[in-house]
């Protein structure tokens with residue numbers, strides 16, 4: 001994680017870069033969707049950068065004064081990833097930008113930055129249907145369906161799953177909705193190449209976090225956490 005102290009004014013929406021480049025309708029739509037989700041003030045940049053003799057075009061979005069992010073700074077990394085995914089999803093073509101960069105500015109002035117290639121964001125998109133299936137099973141209390149999604153090495157027994165979820169239903173009420181709030185790529189010594197999908201649920205008047213880990217290669221479910 002790269003954390004920097006920066007001091008500059010963020011305008012509501014401004015498009016700048018190494019060269020003056022025109023904002024596309026898709027760029028503007030991306031900014032609108034990010035602000036719809038997070039609120040706050042946005043600045044964007046776009047241009048080209050060279051790494052290892054390869055030139056990549058990039059789009060960068062910087063977000064400040066988001067109440068949602070400011071209230072959960074522990075999830076700044078995954079929220080920065082979610083912003084990148086929102087930009088990716090709102091482009092006309094997945095090929096529009098080689099790299100999407102995002103930065104979220106926290107109340108203390110610290111900046112949390114992430115950068116994703118289009119290949120990585122396509123990978124997230126390919127796993128997203130598995131997450132939607134998991135969410136539908138969780139809301140409908142189809143625990144057998146959830147167990148069937150697991151990698152056989154980490155598959156829990158049915159009673160453990162039923163008891164855990166039933167206990168949460170009893171304490172906080174039934175799960176009504178689930179909102180995706182980002183992801184992290186993690187190399188875990190036990191789980192392997194993992195993508196951790198971070199979500200928040202709605203149960204009566206409480207909104208518990210949900211972390212769902214998938215294997216990046218097989219797309220099998222590896223772990224569920226309720227931090």
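The values are calculated or read from the model by the stated rules, or taken from the named source; none is laboratory data. All of these numbers come straight from a predicted model, not from anything done at the bench. FYI the Cβ positions are ideal-geometry reconstructions off the backbone, even for glycines, and counts take in every protein chain you see.
Residues are listed down the side, and each one gets a yes or a no for (1) touching a residue at least 12 places away in the same chain (Cβ under 8 Å); (2) surrounded by 20 or more Cβ atoms within 10 Å (Cβ to Cβ):
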| site | (1), (2) |
| --- | --- |
| 22 | no, no |
| 41 | yes, no |
| 52 | no, no |
| 56 | yes, no |
| 61 | yes, yes |
| 66 | yes, yes |
| 75 | yes, yes |
| 83 | yes, yes |
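Any chance the range 150-165 includes a residue that's in contact with a strand residue (DSSP E or B) (Cβ under 9 Å, 6 or more places away or on another chain), surrounded by 16 or more Cβ atoms within 10 Å (Cβ to Cβ) and touching a residue at least 40 places away in the same chain (Cβ under 8 Å)?
Yes, there is a match, as at least one residue in the range 150-165 is in contact with a strand residue (DSSP E or B) (Cβ under 9 Å, 6 or more places away or on another chain), surrounded by 16 or more Cβ atoms within 10 Å (Cβ to Cβ) and touching a residue at least 40 places away in the same chain (Cβ under 8 Å).
Only one of (1) in contact with a helix residue (DSSP H, G or I) (Cβ under 6 Å, 6 or more places away or on another chain); (2) surrounded by 15 or more Cβ atoms within 10 Å (Cβ to Cβ); (3) closer than 28 Å to residue 36 by Cβ fails for residue 221. Which number is that?
Unmet for residue 221, out of (1) in contact with a helix residue (DSSP H, G or I) (Cβ under 6 Å, 6 or more places away or on another chain); (2) surrounded by 15 or more Cβ atoms within 10 Å (Cβ to Cβ); (3) closer than 28 Å to residue 36 by Cβ: (3).
When you go through 156, 129 one by one, which is the residue that is within 20 Å of residue 215 (Cβ to Cβ) and modelled with pLDDT of 95 or more?
Details: 156 fails: modelled with pLDDT of 95 or more.
From the options 156, 129, the qualifying one is 129.
Do we find that residue 10 is surrounded by 11 or more Cβ atoms within 10 Å (Cβ to Cβ), in contact with a helix residue (DSSP H, G or I) (Cβ under 8 Å, 6 or more places away or on another chain), over 17 Å from residue 118 (Cβ atoms) and modelled with pLDDT under 60 in this structure? Break it down stepwise before answering.
Details: surrounded by 11 or more Cβ atoms within 10 Å (Cβ to Cβ): yes; in contact with a helix residue (DSSP H, G or I) (Cβ under 8 Å, 6 or more places away or on another chain): no; over 17 Å from residue 118 (Cβ atoms): yes; modelled with pLDDT under 60: yes.
No: the conditions fail for residue 10.
Give the range 64-76 a look and list any residue that's part of a helix (DSSP H, G or I) and in contact with a helix residue (DSSP H, G or I) (Cβ under 7 Å, 6 or more places away or on another chain), or say none. Before you say what the answer is, go through the steps one by one.
Taking the range 64-76 as the starting set, the residues that turn out to be part of a helix (DSSP H, G or I) are 67-71, 73-76.
Correct list: 68, 69, 76.
Any residue at all in the range 77-88 that's touching a strand residue (DSSP E or B) at 6+ places or on another chain (Cβ under 9 Å) and in a strand (DSSP E or B)?
no
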